[in-house]
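These notes concern the structure reproduced below.
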Amino acid sequence: MDFKRIVVKIGSSSLSSKNAKLNFTKIDDLTRQLVDLKNQGRDVILVSSGAIAAGMGELGFVKRPKSIPEQQACAAVGQGLLIGIYNKFFREYGEKCAQILLTSSDLENRNRYLNAFNTLKELLEHGVVPVINENDTVVTNEIKVGDNDTLSARVAGLVEADLLINLSDVDGLYNISPNQNNKDLKLISLVEKINKEIEDMAGGKGSSFGTGGMQTKIEAAKIAVNSGVIMIIGSAEDKNSLLNLVEMAEKKEYNMGTTFLAEKESLSKRKQWLNFNLPPSGKIFVDKGAAEALIKRGKSLLPGGITGVEANFNSGELVLISNGKKIIGRGIVNYSSDEIKKIKGAHSEEIKDILGYFNKSEVIHRDNMVIGGDHYEY
Ligand code: GLU
């Protein structure tokens, strides 16, 4: 069996009807398929949207409300409803589920990130299906993951999944906008590398219920494949879509949805956390020599190659590294922005004389750095 651990993400529009009421048939179909996958000996984790959509139906909103408190009120009502329905169906199929609500800051904080991993692992060991959503009732726009496409990809990396299936109302990635009636319209069935051409194919926003669109799905795919996880975007329309997509990917037939193959050299879990979960607090500019040492020779960043600093940050925070033209990587600094302004251009041995104390020779150690530039930008 190729896929021992599968994360499934389902979008709001695939769980609710047009009038924003939950669609029980679809939730039943999804639960049944998840239990079937589990019965095949796999671990399954569900990332389910739909809290806001479910709450909208309850509170009488026909369109997604604009204000954050209104959305949060919907989520508070809807999340309870949603997990109640999942619980009912999982129990009918003889399984248990558990609710996990995450925020962006839970994933930024290293201890909480690892804690979430331990809890998820424990649940899986007990045969429980974790049902994850963003904790919408407490997050504001600034601290939101924002969409469950991204959240599910971060979770897939966190739990070391083999496969992430993103189910929604779209069939996959098209070469041109699927809304156009164009004879050149073609579904891209296999993506071996996410390049600019692929990114350009992703259009704008999705439905009026959820927040994801093809762009967030491609961003999610970047996170997944760089975390060593294969990702499939597929339609939830058919009542056996999930089972069919898993079977297809195991046979490597790629005739449904869009499959993104995992990068061979994926990031370690620590580097995934650093690269995909920590928001940057500033920027460091480096000269040509330092950029080359970082990109080509896998070196740490020393003060000598630094030419400038942007924004204020403390030691221990994540910053972007720029060569003046583009971002070439990111990493956790051993010195604050004020300290770096003083030691930039100097030899590591001079740090003690300049600052009056010495912390580390490197401003960013290689182990705390991810080089990848645009490729990892999101
Ligand atoms: N967390 C939101 C909800 O459950 C959905 C976010 C999304 O649509 O991706 O309603």
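So, for the chain, what is the accessible surface per residue at a probe of 1.4 Å, expressed in square angstrom? Kindly include the intermediate steps, with their values, before the conclusion.
Working: 16960 Å² over 378 residues.
So the chain comes to 45 Å² accessible per residue, rounded to a whole number.
How large is the charge dipole for the chain, taken about the Cα centre, if only the Cβ atoms of Lys, Arg (+1) and Asp, Glu (-1) carry charge, to the nearest 20 debye?
On the way: 48 positive and 48 negative charges, 47 e Å.
Dipole about the Cα centre, nearest 20: 220 debye.
Is the range 1-134 best put as rounded, prolate or oblate by its Cα gyration tensor, with a ≥ b ≥ c the root eigenvalues, rounded for a/c under 1.5, and otherwise prolate when a/b is larger than b/c, oblate when not?
Values: a/c = 2.34, a/b = 1.30, b/c = 1.80.
In terms of gyration-tensor shape, oblate.
Among LEU22, ASN314, ASN148, whose Cα projects farthest towards the positive end of the dipole of the chain, with charges put on the beta-carbon of Lys, Arg (+1) and Asp, Glu (-1)?
ASN314
As a test question: what accessible area, to the nearest 10 Å², does LYS4 have when a 1.4 Å probe is rolled over all protein chains in place?
In the full protein context, LYS4 sits at about 100 Å².
From largest accessible area down, sort MET1, MET231; use a 1.4 Å probe on the protein chains.
Details: MET1 125, MET231 0 Å².
Ranked list, largest accessible area first: MET1, MET231.
Carbon and sulfur atoms: what percent of the 1.4 Å accessible area of the chain do they account for? The partial results should precede the final answer.
Numbers: 8040 of 16960 Å².
After summing per-atom areas, the C and S share lands at 47 percent.
Using only alpha carbon pairs under 8 Å that are at least six residues apart, calculate the relative contact order of the range 1-103 and give it in whole percent. Could you put the intermediate results ahead of the total?
On the way: 137 pairs, mean separation 29.3, N = 103.
Value for the range 1-103: 28 percent.
Looking only at the chain, where both bridge partners belong to it, what percent of the DSSP beta bridges are antiparallel (to the nearest 5)? Please list the in-between numbers first.
On the way: 20 of 52 bridges.
Of all bridge pairs located within the chain, approximately 40 percent are antiparallel.
Take the alpha carbon gyration tensor of the range 57-120, find the square roots of its eigenvalues, order them as a ≥ b ≥ c, and report rounded if a/c is under 1.5; if not, report prolate when a/b exceeds b/c, else oblate. Intermediate values should be presented prior to the final figure.
Details: a/c = 4.42, a/b = 1.16, b/c = 3.82.
Oblate, since a/c reaches 1.5 and b/c is not below a/b.
Just reorder TYR357, TYR174, TYR86 by solvent-accessible area, largest first, 1.4 Å probe, all chains present.
Numbers: TYR357 105, TYR174 45, TYR86 0 Å².
If we order TYR357, TYR174, TYR86 from most to least accessible, we get TYR357, TYR174, TYR86.
Nearest 500 deg cm²/dmol is fine: what mean residue ellipticity at 222 nm does the chain get from its DSSP H runs of n ≥ 4 alone, each adding -39,500 (n - 2.57), divided by its residue count? If you can, show how the numbers build up before the last one.
Numbers: 13 runs with 136 residues, N = 378.
The helix-only estimate for the chain comes to -10500 deg cm²/dmol at 222 nm.
Relative contact order of the chain, please, whole-number percent, based on alpha carbon pairs below 8 angstrom and at least 6 residues apart. Could you put the intermediate results ahead of the total?
Working: 780 pairs, mean separation 54.5, N = 378.
14 percent.
Let's test the formula: R0 of 30 Å, r as the Cβ-Cβ distance of GLU237 and LYS196. What FRET efficiency results, to the nearest 0.05? Can you show the working numbers first?
Details: r = 30 Å, r/R0 = 1.00.
So, using R0 = 30 Å, E works out to roughly 0.50.
The values are calculated or read from the model by the stated rules, or taken from the named source; none is laboratory data. Worth saying up front: this structure is predicted, and the values here are computed from it rather than measured. Cβ coordinates were reconstructed from backbone atoms using ideal geometry, including for glycine residues, and neighbour counts include every protein chain displayed. Just so you know, the surface numbers come from the protein's heavy atoms only, side chains and all, with ligands and any DNA or RNA stripped out. Shrake-Rupley method; radii C 1.70, N 1.55, O 1.52, S 1.80 Å.
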